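Scroll down for the structure; my scribbles are underneath it.
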Amino acid sequence: MKLTDFRAARNLAEARAILKELGPVGLPMAGGTSLVFTSEKDERVAVDINRAVPAGIARENGSYRVGPTTRLAALQMFRGDGWVLDRVAVRLATQQIRNMSTIGGNISRVFPWADFPVALLALNAAMVIAGDAERTLNADEFFDGQPARLFQPGELLMAVKVPALTAGQGFGYRKQTQTSAGFSLMTAAVFVEADGNAVKTARVAIGAGVPFPGRATGVEDLLKGRKASEAAFREAAGKGLAELKFKGGDGMSEEYIGHLAAVLVGDALNEAWVAAKGGAA
Amino acid sequence: MSRRSITFTINGEKKTFEIEPGEKLAKLLRRKGYVGVKEGCDEGTCGACTVIIDGHAVFSCILHAFLADGRDVRTIESIGDFDNPHPLQAALVEEGAVQCGYCIPGMIMSAEALMQEMSNPTDDDIRTRMDGNLCRCTGYEKIWAAVKKVAQTNKS
Ligand SMILES: Cc1cc2nc3c(=O)[nH]c(=O)nc-3n(C[C@H](O)[C@H](O)[C@H](O)COP(=O)(O)OP(=O)(O)OC[C@H]3O[C@@H](n4cnc5c(N)ncnc54)[C@H](O)[C@@H]3O)c2cc1C
Ligand code: FES
Ligand code: FES
């Protein structure tokens, strides 16, 4: 995007008024890092929303309420009961990018390699969008296509509600890159809840090597109520992903990426299960 | 496309600059004489352009200059000079950690931000906080050793 002008908003009301006045040409800007990847043909007026949209992480009942302008580095540093997003943040690009990029920017316009949509789908997070009225969308609704489609001029993402994990629940995360700071070839995020030695529920999400991040419900269905074991996890990952379409590229075939997905989902399930049973992961 | 003015604190001095809407901070700083800010990749992958904004290391080559409005910006020019080197600069020399030197201003800014934030960084902290700074010459070990030396002196 090519910026023809910029505006600073001192607070939310001002940001919304400016964005409404600008209409489709207005571009809310938090870290602004996404412009590295957009076409210069599209002319926009940037509106700095950093003083308008909240930043910070606060416990709110069973969830953490994360302000959309929270930098990924703050997610990386935060520690709290049932908080797992530090593990997602620290694996994303480099420290300077984590200091610049915000969680709101990462999920409001989803690039193929985006890490947080995958984790938030697995965790069943909720997103609060505010304009003239406020509405809350669960992750499945929010990521059912490019989230940018949901925002009318003047509407902004105002909060991300991330469930705090409790005893008997676990999170697993795997991201395969060629170099440590590289874009993901395949990302897998998994939430499991244990019922004794069986899987009560599993939420499995994958991203990067697929057209758009999404749930792998085939894997989830195979695991529901099943006795947990590494063999069961690997079998469910293999069979449950078999029907999905994967994207090749960078010298990697679709078959390879599909195989990688099964390995990573299996690994993430194992990790999540160990955590659910009170282990270290 | 009209020029617009922004004001921020640069190395302790409040200054006003005229900028183009899409101008990046590295370009602005270099045209204003802060040429210790280096440009390598110009796309947020090498770290040569690292500056500190409000205490955090960022890539100035991809940071839109207007986002610095009202903020506190520090460049390598705030760090020390040949006659009065910053302890980190002295340690880099002692460890033999500098070869061509192109990456070093960015390395120092990342290390400075790390030391401002943490008083006793572990080896892991140092590597994680400096994972955005590439060096094509040294192999990193001596740079990390120099940072560790100063970060640990800081602690005592
Ligand atoms: C070199 C490099 C490597 C990267 N590697 C990765 C990686 O491996 N994995 C990964 O996930 N990300 C990676 N990123 C970051 C990612 O691609 C995005 O650039 C970043 O997450 C966007 O965050 P931002 O705060 O800079 O958003 P911005 O660029 O400010 O905004 C992004 C989009 O979201 C909209 N937006 C922002 N905030 C709001 C809000 N509150 N309400 C409504 N709309 C909003 C903006 O209008 C814009 O369309 C990388 C970036 C770079 C530059
Ligand atoms: S010049 Fe900025 S990261 Fe390379
Ligand atoms: S000393 Fe040459 S790039 Fe680091």
Subset of the stretch B:63-101 (residues that are small (Gly, Ala, Ser) and either at pLDDT 95 or above or more than 17 Å from the chain's Cα centre (by Cα) (or both)): B:ALA65, B:ALA68, B:GLY70, B:SER78, B:ALA90, B:ALA91, B:GLY96, B:ALA97, B:GLY101
What's the number of the only condition in (1) buried (at least 23 other Cβ atoms within 10 Å of the Cβ); (2) within 14 Å of chain B (Cβ to nearest Cβ) that A:MET127 fails to meet? (2)
Being closer than 24 Å to A:MET1 by Cβ and surrounded by 21 or more Cβ atoms within 10 Å (Cβ to Cβ) narrows B:ALA48, B:ALA65 down to just B:ALA65
Might you check whether a residue that is at pLDDT 95 or above and away from ligand 1 (no atom under 14 Å from the Cβ) occurs anywhere in the stretch B:42-52? yes
Hey, among the residues in the stretch A:6-39 that are open to solvent by 30 Å² or more (accessible area, probe 1.4 Å) and in contact with a helix residue (DSSP H, G or I) (Cβ under 9 Å, 6 or more places away or on another chain), which one's nearest to ligand 2 (Cβ to nearest atom)? A:SER34
Among the numbered criteria (1) within 13 Å of ligand 3 (Cβ to nearest atom); (2) within 27 Å of A:GLY31 (Cα to Cα), which single criterion is violated by B:GLN99? (2)
Give the number of residues within the stretch A:251-274 that are open to solvent by less than 20 Å² (accessible area, probe 1.4 Å) and in contact (Cβ under 8 Å) with a residue 60 or more places away in the chain. 8
Within the stretch A:71-102, how many residues turn out to be within 16 Å of ligand 2 (Cβ to nearest atom) and either open to solvent by 30 Å² or more (accessible area, probe 1.4 Å) or β-branched (Val, Ile, Thr) (or both)? 2
Consider the stretch B:28-53. How many of its residues are of a type in the set (Gly, Ala, Ser) and either within 12 Å of the chain's Cα centre (by Cα) or away from ligand 2 (no atom under 13 Å from the Cβ) (or both)? 4
Filter the stretch B:11-22 for residues that are touching a helix residue (DSSP H, G or I) at 6+ places or on another chain (Cβ under 8 Å) and either away from chain A (no Cβ under 11 Å) or away from ligand 1 (no atom under 16 Å from the Cβ) (or both) and give the result. B:ASN11, B:GLY12, B:PHE17, B:ILE19
Name the one entry in B:ARG129, B:ARG136, B:ARG74 that is charged (D, E, K, R) and crowded, with 24+ Cβ neighbours inside 10 Å. B:ARG129
Going by the conditions given, is B:ARG74 closer than 30 Å to A:THR4 by Cα and among the basic types (Lys, Arg)? yes
Pick from the stretch A:133-182 the residues that are among the β-branched types (Val, Ile, Thr) and within 30 Å of A:GLY279 (Cα to Cα): which of them is nearest to the other protein chains (Cβ to nearest Cβ)? A:THR179
Within the stretch A:97-113, is even one residue within 14 Å of chain B (Cβ to nearest Cβ), free of Cβ contacts under 8 Å to residues at least 60 places away in the same chain and either more than 12 Å from A:ALA205 (Cβ to Cβ) or out of contact with any Phe, Trp or Tyr (no Cβ under 6 Å at 6 or more places or on another chain) (or both)? yes
Per the filter on the stretch A:41-70, residues open to solvent by 40 Å² or more (accessible area, probe 1.4 Å) and either at the interface with another protein chain (Cβ under 9 Å from one of its Cβ atoms) or within 16 Å of ligand 2 (Cβ to nearest atom) (or both) are A:ARG51
Restricting to helices (runs of 4 or more DSSP H) lying wholly in the stretch B:61-156: which have 2 or more residues that are of a type in the set (Lys, Arg) and within 14 Å of chain A (Cβ to nearest Cβ)? B:123-129
Name the strands (runs of 3 or more DSSP E) wholly inside the stretch A:125-237 in which the number of residues that are farther than 30 Å from A:GLN95 by Cα is 2 or more. A:134-138, A:184-195, A:198-207
For the stretch B:53-67, indicate whether the set of residues that are within 14 Å of ligand 3 (Cβ to nearest atom), touching a residue at least 40 places away in the same chain (Cβ under 8 Å) and among the hydrophobic types (A, V, I, L, M, F, W, C) is non-empty. no
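Among A:GLY248, A:GLY238, which is touching a helix residue (DSSP H, G or I) at 6+ places or on another chain (Cβ under 7 Å), surrounded by 16 or more Cβ atoms within 10 Å (Cβ to Cβ) and not basic (Lys, Arg)?
Working: A:GLY248 fails: surrounded by 16 or more Cβ atoms within 10 Å (Cβ to Cβ).
None of the others qualify; the one that does is A:GLY238.
The values are calculated or read from the model by the stated rules, or taken from the named source; none is laboratory data. Quantities reported herein were computed from a predicted structural model and do not represent experimental measurements. Every residue, glycine among them, receives a Cβ derived from its backbone with ideal geometry; neighbour counts consider all protein chains shown. Side chains included, ligands, DNA and RNA excluded: accessible areas come from the protein's heavy atoms. Shrake-Rupley method; radii C 1.70, N 1.55, O 1.52, S 1.80 Å.
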